[in-house]
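Reviewing the structure listed below.
The values are calculated or read from the model by the stated rules, or taken from the named source; none is laboratory data. Keep in mind the model is a prediction, meaning the values are calculated, not measured. All Cβ positions, glycine included, derive from the backbone under ideal geometry; neighbour counts span all protein chains shown. When the accessible area is computed, the model is the full protein with side chains, heavy atoms only, and any ligands, DNA or RNA have been set aside. Shrake-Rupley method; radii C 1.70, N 1.55, O 1.52, S 1.80 Å.
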Amino acid sequence: MTDLGIGIVGLHNHYHAYPFADYLRRGVDGLRLVGVADERADLAKEFAAQYCDGDWTTDYEQLIRRDDVDAVIVTSYTSAHADHVELAAAAGKHVLLDKPIATTMADARRIVAASGQVKVMMAYLLRYLPAYRKVLDQVRQGAVGDLVSGFYSIRFPVGAITDSPNTDTQGWYADPVRGGGGGFLDHGVHFTDFFRWFFGQDAVSVTAHIGSLTYKDLGVEDYGIATYTMDGGAIVTVESTWHAPDYFGPLSSPDHASLSGTRGEIELHYQKSPQVEVQGVDDPWKGRHYFDLVGEERYEACYRDLLVAFRDWVNGADLDGVPTAEDGLKALEMIIGAYESHETGRRVSLPLGEDTK
């Protein structure tokens with residue numbers, strides 16, 4: 001089996017593009033990074049010098065159509081995703097796609113359609129956090145019975161969101177057209193996917209409140225909270241923000257999930273120690289059980305493991321929990337439904353109508 005040549009399409013979500021590139025440079029069996037495309041020539045040139053032997057271009061289609069590119073990692077700004085995935089599909093190149101899938105349901109449906117031509121895998125990092133995968137195994141073993149409710153929250157400072165590693169401004173992230181939303185969409189789409197993955201349920205309704213609490217002139221929201229009723233009866237809440245005054249941790253974990261089951265509870269805090277607490281009432285889970293991971297297994301390994309899963313899936317492996325384009329659409333739909341609930345002041349039913357833009 002020959003290595004899959006990888007091209008990186010856009011460096012706009014540099015928080016993900018650079019870690020992926022770093023693992024590829026260090027070596028992931030079966031994958032090799034061959035080039036990068038970004039319209040910002042200076043940034044693309046600097047990135048290429050560090051990660052892919054100086055091979056860069058400002059022409060996205062040129063990179064995608066190269067004979068030595070077998071698949072692409074799309075980390076361009078969100079409203080460009082559909083165009084870039086369609087270019088890849090037309091060229092027969094598989095796609096590892098950054099979140100959110102798109103800014104609109106119409107564009108998300110375009111990507112789902114393209115996934116009928118090539119494989120499109122969503123880069124949902126939470127699904128590949130080693131601690132979270134371990135906890136999911138415990139849930140499936142019955143550690144806390146049936147999951148019935150959950151709360152996922154992040155307190156994040158807008159100052160930590162920048163257009164590129166070389167700036168201190170939000171740029172496209174605060175552009176309601178290119179980004180599609182602000183603090184609620186940015187991490188909230190991770191959490192809506194998390195609940196679908198962990199609970200194995202889809203949302204049937206949502207109520208939400210979204211606003212600008214601290215950064216009122218940002219141009220997009222810095223806060224959102226939404227409560228979803230799932231089709232299995234569970235009720236879950238997503239709180240996603242950019243309104244924290246600074247990045248605090250690890251004692252006040254800025255990113256955490258609380259899960260309640262019929263026979264126990266779970267706390268997930270991947271950014272603090274201990275990362276996980278499982279409390280059950282039945283043996284062998286009775287009492288409190290803690291575990292913590294260190295080194296790259298604590299967080300960074302999610303990029304490595306996602307790349308490995310993408311490689312294996314492209315090569316025909318049947319893998320559990322691979323986030324597909326349809327998963328990306330469903331996670332976005334939960335966010336768009338929340339925006340609609342806030343705007344109308346009403347509970348919104350899900351799924352949304354096929355005419356939803």
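Using the structure shown, decide if Ile225 is touching a His at 6+ places or on another chain (Cβ under 7 Å), in contact (Cβ under 8 Å) with a residue 12 or more places away in the chain and hydrophobic (A, V, I, L, M, F, W, C). When the stated conditions are applied, Ile225 passes them. Within the stretch 225-243, can you find the residues that are part of a strand (DSSP E or B), over 12 Å from Gly188 (Cα atoms) and not hydroxyl-bearing (Ser, Thr, Tyr)? Met230, Ile235, Val236, His243, listed by residue number.
Quick one: in the stretch 147-173, of everything that is in a helix (DSSP H, G or I) and open to solvent by less than 20 Å² (accessible area, probe 1.4 Å), which residue is modelled with the lowest pLDDT?
Taking the stretch 147-173 as the starting set, the residues that turn out to be in a helix (DSSP H, G or I) are 158-160, 171-173.
Within this subset, residues satisfying the condition of being open to solvent by less than 20 Å² (accessible area, probe 1.4 Å) are 158, 172-173.
On the way: Val158: 93, Trp172: 96, Tyr173: 96.
Result: Val158.
Scan (1) within 18 Å of Leu147 (Cβ to Cβ); (2) modelled with pLDDT of 95 or more for the single condition Gly211 breaks and write down its number. Of (1) within 18 Å of Leu147 (Cβ to Cβ); (2) modelled with pLDDT of 95 or more, only one is false for Gly211: (1).
Looking at Asp246, Asp217, Asp186, which one is assigned to a helix (DSSP H, G or I) and among the acidic types (Asp, Glu)?
Within the list Asp246, Asp217, Asp186, the selection yields Asp186.
Select from the stretch 1-29 the residues that are in contact with an Asp or Glu (Cβ under 7 Å, 6 or more places away or on another chain) and part of a loop (DSSP other than H, G, I, E, B) and write down the one among them that is nearest to Ile161 (Cα to Cα). Break it down into steps so the answer makes sense when it comes.
Kept after step one, since they are in contact with an Asp or Glu (Cβ under 7 Å, 6 or more places away or on another chain), are these residues of the stretch 1-29: 4-5, 10-11, 13, 16, 19.
Subsequent filtering for residues that are part of a loop (DSSP other than H, G, I, E, B) retains 10-11, 13.
Numbers: Gly10: 17, Leu11: 14, Asn13: 10 Å.
Once the filter is applied, the top-ranked residue is Asn13.
For Arg65, the conditions (1) in contact (Cβ under 8 Å) with a residue 24 or more places away in the chain; (2) under 23 Å from the mean Cα position of the chain (by Cα) all hold with the exception of (2). In the set Val206, Val177, only one residue is at pLDDT 95 or above, open to solvent by less than 20 Å² (accessible area, probe 1.4 Å) and closer than 26 Å to Ala325 by Cα; that residue is Val206.
Do the conditions hold for Gln117, that is, is it in contact (Cβ under 8 Å) with a residue 24 or more places away in the chain and either in contact with a Leu (Cβ under 7 Å, 6 or more places away or on another chain) or open to solvent by 10 Å² or more (accessible area, probe 1.4 Å) (or both)? Walk me through how you get there before you give the answer.
Values: in contact (Cβ under 8 Å) with a residue 24 or more places away in the chain: yes; either in contact with a Leu (Cβ under 7 Å, 6 or more places away or on another chain) or open to solvent by 10 Å² or more (accessible area, probe 1.4 Å) (or both): yes.
So Gln117 passes the test.
Does the stretch 303-314 include one or more residues that are among the acidic types (Asp, Glu), surrounded by fewer than 24 Cβ atoms within 10 Å (Cβ to Cβ), at pLDDT 95 or above and under 19 Å from the mean Cα position of the chain (by Cα)? Yes, the stretch 303-314 contains a residue that is among the acidic types (Asp, Glu), surrounded by fewer than 24 Cβ atoms within 10 Å (Cβ to Cβ), at pLDDT 95 or above and under 19 Å from the mean Cα position of the chain (by Cα).
Could you tell me whether any residue of the stretch 59-67 is assigned to a helix (DSSP H, G or I), open to solvent by 30 Å² or more (accessible area, probe 1.4 Å), under 23 Å from Arg304 (Cα atoms) and of a type outside the set (Asp, Glu)? Before you say what the answer is, go through the steps one by one.
Filtering the stretch 59-67 for residues assigned to a helix (DSSP H, G or I) gives 60-64.
Narrowing the set further to residues that are open to solvent by 30 Å² or more (accessible area, probe 1.4 Å) leaves 60-62.
This time we only want the ones that are under 23 Å from Arg304 (Cα atoms), so: none.
Scanning the stretch 59-67, I find no residue that is assigned to a helix (DSSP H, G or I), open to solvent by 30 Å² or more (accessible area, probe 1.4 Å), under 23 Å from Arg304 (Cα atoms) and of a type outside the set (Asp, Glu), so the answer is no.
Arg40 meets the conditions (1) in contact (Cβ under 8 Å) with a residue 60 or more places away in the chain; (2) under 23 Å from the mean Cα position of the chain (by Cα) in every case but one. The failed one is (2).
Any residue at all in the stretch 30-53 that is in a loop (DSSP other than H, G, I, E, B), touching an Asp or Glu at 6+ places or on another chain (Cβ under 8 Å) and over 30 Å from Lys357 (Cα atoms)?
Yes.
Residue count for the stretch 6-34 under the criterion of being more than 23 Å from the chain's Cα centre (by Cα) and closer than 21 Å to Ala88 by Cα: the result is 2. Within the stretch 76-97, can one find any residue that is more than 22 Å from Tyr124 (Cβ to Cβ), surrounded by fewer than 20 Cβ atoms within 10 Å (Cβ to Cβ) and either of a type in the set (Phe, Trp, Tyr) or touching a strand residue (DSSP E or B) at 6+ places or on another chain (Cβ under 6 Å) (or both)? No, every residue in the stretch 76-97 fails to be more than 22 Å from Tyr124 (Cβ to Cβ), surrounded by fewer than 20 Cβ atoms within 10 Å (Cβ to Cβ) and either of a type in the set (Phe, Trp, Tyr) or touching a strand residue (DSSP E or B) at 6+ places or on another chain (Cβ under 6 Å) (or both). Of all the numbered requirements in (1) part of a helix (DSSP H, G or I); (2) open to solvent by 10 Å² or more (accessible area, probe 1.4 Å); (3) in contact with a strand residue (DSSP E or B) (Cβ under 9 Å, 6 or more places away or on another chain); (4) under 30 Å from Gly249 (Cβ atoms), Ala131 misses one, and that requirement is (2). Residue count for the stretch 229-282 under the criterion of being among the aliphatic types (A, V, I, L, M), free of Cβ contacts under 8 Å to residues at least 60 places away in the same chain and either open to solvent by less than 50 Å² (accessible area, probe 1.4 Å) or closer than 22 Å to Gly211 by Cβ (or both): the result is 1. Test Tyr51 against the criterion of being touching a helix residue (DSSP H, G or I) at 6+ places or on another chain (Cβ under 6 Å), open to solvent by 10 Å² or more (accessible area, probe 1.4 Å), at pLDDT 95 or above and under 20 Å from Trp313 (Cα atoms), and give yes or no. Judged against the criteria, Tyr51 is not a match.
Evaluate the stretch 332-344: report whether one residue or more is loosely packed, with under 12 Cβ neighbours inside 10 Å and modelled with pLDDT of 95 or more. Before the answer, list the steps.
If we filter the stretch 332-344 for residues that are loosely packed, with under 12 Cβ neighbours inside 10 Å, which is where we start, we get 343-344.
Checking the rest, the ones that are also modelled with pLDDT of 95 or more come to 343-344.
Scanning the stretch 332-344 turns up at least one residue that is loosely packed, with under 12 Cβ neighbours inside 10 Å and modelled with pLDDT of 95 or more.
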